[in-house]
Amino acid sequence: MDADTGSDTVRRFLVEDQPVRGHWVRLDAAWRELRANGDYPPPVRALLGEAVAASVLLAATLKFQGRLTLQMQGSGAVQLLVAQCTHQFGVRAVAQYDEALVAALGEAGNVGEVFHALAGEGGRVTVTIEADERNLRYQGIVPLTGRSLAESLEGYFRASEQLPTRVHLAADGHSCAGLLVQKLPRSETDTDDLWRSVERSTSRLTAGALLHEGVESLLGAALPAHDVRLFRGTPVRFECRCGEGRVTSLLRALGAEEVRDILAEQGAVTVTCEFCHRPYRFDTQAVEALFTGGASEHSLSIH
């Protein structure tokens, strides 16, 4: 395997001469940048990080140009969670949650109990793939099941692709990471024993190993006694589609009268991106420039 343990990278691997493939991802700087303008309580942050890592792993299994969106909805403390990854591995994500319900979780509870409290009853995971070519759109929906988001995504692969798949996800305040391993169809050989061995080995992986070990040592533990080919990594970065141009277009669409009313009432007009929480603040000079010939870079501030 190549010696490359860098972060903010997704890497593909396969077991030589066997129908087993997978992807590994770990984000450090990109994960922190994604949350730079907004803070989440630790349980919500962990689930959001797992979803971000999962969106990269799902996108990495596809050959497409466009955007993959992983959306989680339920009746628990997290009402809505959305993570997006483009074919060029630009990621963004957001979670909406009930502060009181999250606070009630406290520090106690095992992983399954925390996940159930966050997801609630009757929740679902929706994976939407929007391909630029001919405006193709595919959507798969599976219930939130098991003790984790990873187990729910394993159900997604069973239902949508009929591929045995193991998914492992982890996140903390510094990093988020994931490993996806799949068994591919091969009729000429019986690979059941091989796959059972892979399942046993990967089930022993810990969150700490995912977050802190290099990819070579991680795959060595996950796939012992197998010759693994690890491909060159592809960078993953934080990328939100908000920007000054989009915000100024939004304000112009609202109209001069309404925007000036907000300015008079609040002293400035602030628009905050719903995904990355970046605030765009327009003072009097910037507002007037919007409707008289273009925004002034000296009076628009981005915090």
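For residues that are of a type in the set (Gly, Ala, Ser), surrounded by fewer than 16 Cβ atoms within 10 Å (Cβ to Cβ) and out of contact with any Gly (no Cβ under 9 Å at 6 or more places or on another chain), tally how many sit in region 39-75.
To start, the set of residues in region 39-75 that are of a type in the set (Gly, Ala, Ser) comprises 46, 49, 51, 53-55, 59-60, 66, 74-75.
Filter once more, keeping what is surrounded by fewer than 16 Cβ atoms within 10 Å (Cβ to Cβ): 75.
Subsequent filtering for residues that are out of contact with any Gly (no Cβ under 9 Å at 6 or more places or on another chain) retains none.
Count: 0.
Checking each residue in region 139-193 for being assigned to a strand (DSSP E or B), of a type in the set (Val, Ile, Thr) and surrounded by fewer than 21 Cβ atoms within 10 Å (Cβ to Cβ) picks out Ile141, Val142, Thr165.
Tally the residues that are closer than 16 Å to Ala30 by Cα and either out of contact with any Phe, Trp or Tyr (no Cβ under 9 Å at 6 or more places or on another chain) or among the acidic types (Asp, Glu) (or both), restricting the search to region 78-100. Result for region 78-100: 5. The number of residues in region 119-138 being assigned to a helix (DSSP H, G or I) and surrounded by 12 or more Cβ atoms within 10 Å (Cβ to Cβ) comes to 1.
Scanning region 232-249 for residues that are surrounded by 13 or more Cβ atoms within 10 Å (Cβ to Cβ), over 17 Å from the mean Cα position of the chain (by Cα) and farther than 14 Å from Arg278 by Cα yields a total of 2.
Of the candidates Ala286, Ala207, Ala264, the single residue that is in the same structural domain as Glu151 (by TED's automatic domain parsing) and not basic (Lys, Arg) is Ala207.
Have a look at Gln65, Gln96, Gln88, Gln84 and point out the one that is under 18 Å from Ala46 (Cβ atoms), within 19 Å of the chain's Cα centre (by Cα) and of a type outside the set (Ser, Thr, Tyr).
Testing whether each residue is under 18 Å from Ala46 (Cβ atoms), within 19 Å of the chain's Cα centre (by Cα) and of a type outside the set (Ser, Thr, Tyr) leaves just Gln96.
Here Arg246 fits the description: basic (Lys, Arg) and at pLDDT below 85.
The values are calculated or read from the model by the stated rules, or taken from the named source; none is laboratory data. A quick note: this is a predicted structure, and the numbers were derived from the prediction, not measured. As a convention, Cβ positions derive from the backbone with ideal geometry for all residues, glycine included, and neighbour counts pool all protein chains shown.
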